[in-house]
Amino acid sequence: MSKLFFTEEEVARRYGLKVQTLRNWRFKGCGPAYRKFNSAVRYYEADLEAYENSCMVQTEG
């Protein structure tokens, strides 16, 4: 069974970023969608995949 929700730390590692960068993105309203469970921030796997797909750049050639 694959994991459905990821912590800030796990997502930061996945993207090679600092946790603070994810927090800045949330404050600015950009980056992957997230959910809050009380004060806990969690990222849903499908939302991460959708964000990754939205970042794809097509090159000509």
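Coordinate-derived values only; no laboratory data. Bear in mind the structure is a predicted one, so any value in this text is a computation, not a measurement. A quick note on method: Cβ atoms are made from the backbone with ideal geometry, for glycine too, and the neighbour counts reach across all protein chains shown.
In table form, for the structure just shown:
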quantity	calculated
Overall Cα dimensions of the chain - principal axes, largest extent first, Å	47, 32, 18
DSSP-loop trypsin sites (Lys or Arg not before Pro) across the chain, with at most 15 other Cβ within 10 angstrom	3, 18
FRET efficiency, 1/(1 + (r/R0)^6) with R0 30 Å, evaluated for residue 36 and residue 57 via beta carbons	0.50
GluC sites (Glu not before Pro) within the chain: DSSP coil, no more than 14 neighbouring Cβ in 10 Å	60
Contact order relative to length of the chain, as percent, for alpha carbon pairs under 8 angstrom and 6 or more apart	35
